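*Asks:* One structure coming up, written as structure tokens, with questions to follow.
Read the figures in this text as sums done on the coordinates, not as results from a lab. This structure is a prediction, so every number in the text was calculated from the model and none was measured. All Cβ positions, even for glycine, are placed from backbone atoms using ideal geometry, and neighbour counts span all protein chains on display.
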Amino acid sequence: MDLVNLTVNGQKIAVPRGTMAIEAVKAAGFDVAHFCYHPKLKPVGMCRMCLAEVGTPRLGPDRKPVLNEDGTPQIGMMPQPQATCTLPVSEGMVILTNTDAVKKMVAGMVEFFLANHPLDCPVCDKGGECPLQDQTMAFGPGQSRVGEVFGGDVRLQQGIWEAKRHWEKPKPLSELIALDRERCIQCGRCVRFTQEISLDNALTFIYRGAQSEIDTLTDPPVDSKFSGNTIDICPVGALTSRVFRFTARVWEVKPTHTVCTQCGCGCNITINTRLDKVLRILPRDNDRINECWICDRGRFNSQFINSAARLTKPLIKRNGTFEAVEWDEALAFVAKTLTQIKDAHGGNAIGGLASGKCTVEDNYVFQKLLREVLGSDNVDYRPHGKIKHRLRRVPDFYEQVENADVILLVGADPLEELPILDLRIKKCIAQRNGTLITVNPRRILLDQHATISLVHQPHTATAVITALSAAVNGSTIEGLGATGVAEDLLKDAAQRLAQSQRLVVLYGEESNDELVAALHHLAASRDRQEAVFGLCRHDGNALGALWAGAMPKNGGLDVDGMMRAAAHGSLKALYIMGQNPVNSYPDGQLVKEALDKVEFLVVHDLFLTETAQHADVVLPAASYAEKDGTVLNVAGVAQRLKQALPPVGESSEDWKIITALAYFMGHHWGYKSCADILRELERHHAGTSARWNVGTLERWNVETCQPADTEAETYPFILLTGAQLYDGSVSLRHSERLSHLVEAPFVELHRDDAQRLGIARGAEVEVTSPRGALRLRAKVGRKVLPGTVFVPEHQPGAPVNTILDPTRQVQRVRLSAGRGDG
Amino acid sequence: MSLSDEARQKIQEIAARYPRRISATIPALYVAQAEYGGWLPKEAMVEVAEELDVPPSHVFGVATFYTLFYKEPVGKHVVQLCTNLACMLCGAETLQQHLERKFNIKINGSIRDGTTADGTFTVLPVECLAACGGAPCMIVDTEYYENLTIEKVDKILTQIATQPTVFFKP
Ligand code: SF4
Ligand code: SF4
Ligand code: FES
Ligand code: FES
């Protein structure tokens, strides 16, 4: 590496060329006062706090350093103090940060900052972890020469020396964030975060000079899935969390270092609790995964953990109503009933749905219960059978994404599915000059930053990729017509793919084998096949559940098979851990039939979900904050969950419940902790490794993905479904603040279609399929293609699975304008 | 209310003149301000953002940064009266007092205080109009008037009162 030698306060140090002086000073072990500088943001030199005296070697006319008599180079000090955050180091530089002059200048800057800063620390949420407070203590002058004169509207030309700025406070900036304009020191970190990192430009400075303030003009306000990060990086108490405000002083909380499981990113987090209540969730730095960010769902979806609606006792349904019972009674009852069913119909009359929401240990013990105790091979962790996960460990997954020169994204919307991956892709684009090529049946928000978006007709992704491969290889492009993708756009994409050195291919979890094979073929044709990654969106630990063996083997039924068998009557008992298939299973009709028909249904969950309501026994489970365990993220990286608070009420970790149940059935496993389970699992896996093999590509015919379309006249629209970060999932319903941000159920359609059908923006539309109808609010735009509509999965109160018919490959619907309201 | 098709068309034309659409923000805001009767409600900023395909927050920041975009309803004609040094020395203060008395307004920078009861004029104090050679001076709508006296001001304003507003010179 190209190193530069310099001296900081007399200490010699070498740092990589291009390093800013502030980092060099820090590396030498000295503190630098700073507000606007943040290592993840571009330096702007706005606050002038990081001042130092700086000198560089004097050069003679021959461009050689001028030497002192003792042979040391002569240093020419710069006439003014320098902002170290915007000053790149150079060879021989001398930086002084602890001279009297520097101390006086920094103290003067602090005094300026405090000229307009209210004396709020005793009532400010940031107090105790506030850089302004800390730096005032460390570098401030102790006393201010600026007096405060009350009264007077600052907007009306009062000099700053006459009055502090006074504003109404706090101003709710969004559902999640409160802004105190008096405390803002205008460092711009929050604004720059939305411009450089989240790229959603949710915040801006408005007005100017002494009247500047932070504001937003998005709808909803601060329309960003990452807004909470601005609270963390705000160096004062100007931005505070409306979930956390005034619930505790920060030095009273207990931090627990754990991992978020709300999606597959695997962000490292710290849960702050006090008196066994979760108060807030903060990101924990891990440059290999989430850097120092997390998404708003991970941060603010915390209130459900201590919600009053949590199940705290086992429930048994008697005469149609649930009765709270003791654990012994519940477990004995479950053990007895399952044994009876096993004896009468054999183990394979029992099925188990594990869950990617639970830990590796939970899933391992779950499948062990099914296989060893109940003698059944019917076990599946997936919400439905179309999902395909492949286990691969890629510790540098996020780095590969960040450093890619071309990212090909197929059939996925990372912002809604894997938000932190979305941030990394944006980093690749904005900071590493990467190229993003998307292939989706509709536009996603990330397309704003994509170089090329290939929006194709539904169910033709494979044809698009095959055509791309052909274009990369220089052979003739075929079958593009049906996809609706323009040839010149495709060729442009192919050219970029062909030239790329560091290609990363990301595809959605519902991609079928043909598509995946086509992607591998495409990547292989330019020899970077190892950079093809499947994403998992549904659950945070999906790969962990797969690793734990919660999948059917030896001819056992998968989730689809179990649903059908249950509806048919051949599956007598269903044991569901942490899933809510009534909402999440694509065939809403089938799942209802199945759950009604099945003789015995056991459900583990935090809440009395739609599924749990059908159950005969409901066992109260612990949330991710209440347990230890292991989880695998989207890149197969294993991380530890740590218990932040004991399970509420009498609820319990899933693995403990199952271990106890096994004991009731005569199997003494003797696990004392997760570590015991993990050790057993690792022994199990010793010497094996699951890998996805690249097959040879067969010619894939576009026609075969176009099913016979006899219904196109009655149901002229193709229905697309997909994920939404703030969906109708049960935990969000019980996290009050965040639940305000869950959108009212909507259908998205193209402008032209809307115009033709006379459907106005926001009007009510009836979406009808052969299976049923939903009344939804119309979102009109250009994100979907004409002829297709998009309805997100699990919308609160309007589950799209009630109108889906998964036996058909293409879902068709018709739209009719309902009552309009705008 | 929302932008007319004509105004949208105009904004598109302006945007086409620049290599990056974001560069058209200021001229596009002038078009919108004219459409909305001389001021910019937030809807107008959002519409401009949509037309230019730029973040609404960016437009918000620009529109609030510049004082010639008005964020509250203004009178039919906006009078910018220079109250900076050269003009003050040449009698701007008398003009200011005269207008305050004549219209029963306050020329203090607040749009509400500076607008006449009948809504014909909004008078705002401004720093140097860069026409110190003709001090004291003012701008009405888009037109400069120099070497003012009380009589001259009265005459100009009486004339303009009945004329249509000129929002910007193309
Ligand atoms: S709100 Fe905080 S982060 Fe944003 S500019 Fe003000 S002080 Fe800086
Ligand atoms: S991105 Fe995913 S893992 Fe990270 S905080 Fe958000 S929900 Fe949690
Ligand atoms: S930290 Fe260097 S100027 Fe703000
Ligand atoms: S001071 Fe009035 S124009 Fe310069």
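*Asks:* Nearest 10 degrees, 0 to 90: what angle lies between the long axis of helix B:56-65 and the longest principal axis of chain B (Cα atoms)?
*Replies:* Taking Cα atoms only, the helix is inclined about 10 degrees.
*Asks:* Report the extension gain between A:E766 and A:V123 in nm, rounded to one decimal, defined as 0.36 nm multiplied by the number of residues separating them, less their alpha carbon distance.
*Replies:* Value of the extension gain: 226.4 nm.
*Asks:* Turning to a different aspect of this structure: How high is the FRET efficiency between B:E127 and A:R640 when r is their beta carbon distance and R₀ equals 51 Å, given to the nearest 0.05?
*Replies:* 0.25
*Asks:* With label points built 7 Å along Cα→Cβ from the Cα atoms of A:E91 and B:Q12, find their separation and express it in nm.
*Replies:* 5.8
*Asks:* For helix A:588-597, what angle does its Cα long axis make with the longest principal axis of chain A, in degrees from 0 to 90 and rounded to 10?
*Replies:* Helix A:588-597 sits at roughly 50 degrees to that axis.
*Asks:* Please list, by residue number, everything in the range B:108-151 whose backbone N is under 16 Å from a paramagnetic label point 7 Å out along Cα→Cβ of B:T158.
*Replies:* B:149-151
*Asks:* Using θ = phi - 60° and the Karplus form 6.51 cos²θ - 1.76 cosθ + 1.60, what ³J(HN,Hα) does each residue of the range A:299-314 get, whole Hz, x for Gly and Pro?
*Replies:* Once θ is set to phi - 60°, the couplings for the range A:299-314 become 7, 9, 7, 10, 5, 5, 4, 9, 5, 5, 7, 4, 6, 10, 9, x Hz.
*Asks:* Also, quick follow-up: Hey, what number do you get for chain A at 222 nm if only DSSP H runs of n ≥ 4 count, each worth -39500 (n - 2.57), divided across all residues, to the nearest 500?
*Replies:* So the calculated ellipticity at 222 nm is -7000 deg cm²/dmol.
*Asks:* Which length gain, in nm to one decimal place, applies between A:H685 and A:T451 when the Cα-Cα distance is subtracted from 0.36 nm times their residue separation?
*Replies:* Contour length minus the Cα-Cα distance gives 80.0 nm.
*Asks:* Averaged across A:213-222, how many Cβ atoms of other chains sit within 10 Å of each residue's Cβ atom?
*Replies:* For this peptide, the per-residue mean of nearby foreign Cβ atoms is 3.
*Asks:* Over the whole of B:59-65, what's the average partner chain Cβ count within 10 Å per residue? Rounded to a whole number, please.
*Replies:* Neighbouring Cβ atoms belonging to other protein chains average 6 per residue here.
*Asks:* With point charges of +1 on the Cβ of Lys and Arg and -1 on the Cβ of Asp and Glu, referenced to the Cα centre of the protein assembly as shown, which listed residue (B:T64, A:I759, A:L515) lies farthest in the positive direction of the dipole?
*Replies:* Of the candidates, B:T64 comes out farthest on the positive side.
*Asks:* Mind putting a number on the dipole of the range A:3-98 about its Cα centre? Charges go on the C-beta only, +1 for Lys and Arg and -1 for Asp and Glu, and I need it in Debye to the nearest 20.
*Replies:* 380
*Asks:* Of the options A:V379, A:L480, A:M109, report the single residue whose Cα projects farthest towards the positive end of the charge dipole of chain A (beta-carbon charges: Lys, Arg +1; Asp, Glu -1).
*Replies:* A:M109
*Asks:* How far is helix A:461-473 tilted, in degrees, relative to the longest principal axis of the Cα atoms in chain A, given as a value from 0 to 90 rounded to the nearest 10?
*Replies:* The helix A:461-473 is inclined about 60 degrees to chain A.
*Asks:* So, in nm, how far is label A:D276 from label B:F65 when the simple model puts each one 7 Å beyond its Cα toward the Cβ?
*Replies:* Taking the two extended label points, one gets 5.5 nm.
*Asks:* Still on this structure, please answer the following. Relative to the Cα centre, what is the charge dipole magnitude of the range A:611-694, using +1 at the beta carbon of each Lys and Arg, -1 at the beta carbon of each Asp and Glu, and rounding to the nearest 20 debye?
*Replies:* The dipole of the range A:611-694 has a size of about 360 debye.
*Asks:* Quick check: net charge around B:E51, other residues with Cβ under 10 Å of its Cβ, Lys/Arg +1 and Asp/Glu -1?
*Replies:* Net of charged neighbours comes to 0.
*Asks:* Taking each residue in B:92-99, count the Cβ atoms of any other chain within 10 Å of its Cβ, then average. What number comes out?
*Replies:* The per-residue average across the peptide is 0.
*Asks:* Sort the following peptides by mean Cβ neighbour count (other Cβ atoms within 10 Å, averaged over residues), highest first: B:112-119, A:237-244.
*Replies:* Ranking, from highest mean packing down: A:237-244, B:112-119.
*Asks:* For the protein assembly as shown, with only Lys/Arg (+1) and Asp/Glu (-1) charged at the beta-carbon, what is the dipole magnitude about the Cα centre, in debye rounded to 20?
*Replies:* In debye, rounded to 20, the protein assembly as shown gives about 940.
*Asks:* How charged is the neighbourhood of A:N403? Take every other residue with its Cβ under 11 Å from the Cβ of A:N403, and add Lys/Arg as +1 and Asp/Glu as -1.
*Replies:* With Lys, Arg at +1 and Asp, Glu at -1, the net is 0.
*Asks:* Just report the Cα centroid separation between the range A:488-557 and the range A:758-785, whole Å.
*Replies:* So the separation of the two Cα centres works out to 32 Å.
*Asks:* Determine one quarter of the surface area of the Cα convex hull of chain A, which equals its mean projected area, and express it in nm² to one decimal.
*Replies:* Spelled out: convex hull of the Cα atoms, projected over all directions, averaged, 42.1 nm².
*Asks:* So, in Å, what gap is there between the alpha-carbon centers of the range B:77-153 and the range A:626-640?
*Replies:* With the range B:77-153 and the range A:626-640 each reduced to a Cα centre, they are spaced 69 Å.
*Asks:* Which distance in nm do the two modelled labels at A:Q613 and B:A34 give, with both placed 7 Å along the Cα-to-Cβ direction?
*Replies:* About 5.9 nm, to one decimal.
*Asks:* Right, here's the next one. Starting from the amide H of A:G76, placed 1.01 Å from N in the peptide plane, find each other amide H under 5 Å away whose residue is 5 or more places distant or on another chain.
*Replies:* Correct list: A:T56, A:R58.
*Asks:* Something else: I'd like to know which of B:P125, B:F103, B:A135 lies farthest towards the positive end of the charge dipole of the range B:77-160, counting +1 on Cβ of Lys and Arg and -1 on Cβ of Asp and Glu.
*Replies:* So the residue furthest toward the plus end is B:F103.
*Asks:* Further question: Using a Förster radius of 30 Å, what is the FRET efficiency between B:Y144 and B:D5 based on their Cβ-Cβ separation? Nearest 0.05, please.
*Replies:* Step by step, r from the Cβ atoms, then E = 0.35.
*Asks:* Compute the normalised compactness of the range B:5-65: alpha-carbon radius of gyration over 2.2 N^0.38 Å, N being the residue count.
*Replies:* Ratio of Rg to 2.2 N^0.38 Å for the range B:5-65: 0.97.
*Asks:* Further question on the same structure: Once you have the Cα-Cα distance between A:N554 and A:E323, take 0.36 nm times their residue separation minus that, and quote the gain in nm to one decimal.
*Replies:* 79.3 nm
*Asks:* Out of all DSSP beta bridges in the protein assembly as shown, what portion is antiparallel? Express it as a percent rounded to 5.
*Replies:* The antiparallel proportion sits near 55 percent.
*Asks:* Below 12 angstrom from the Cβ of A:K225, what's the summed charge of the other residues (Lys, Arg +1; Asp, Glu -1)?
*Replies:* Every neighbour counted, the sum reads -4.
*Asks:* A further question on this structure: The range B:5-29 to the range A:32-64: how many Å between their Cα centroids?
*Replies:* Cα centroid of the range B:5-29 versus Cα centroid of the range A:32-64: 39 Å apart.
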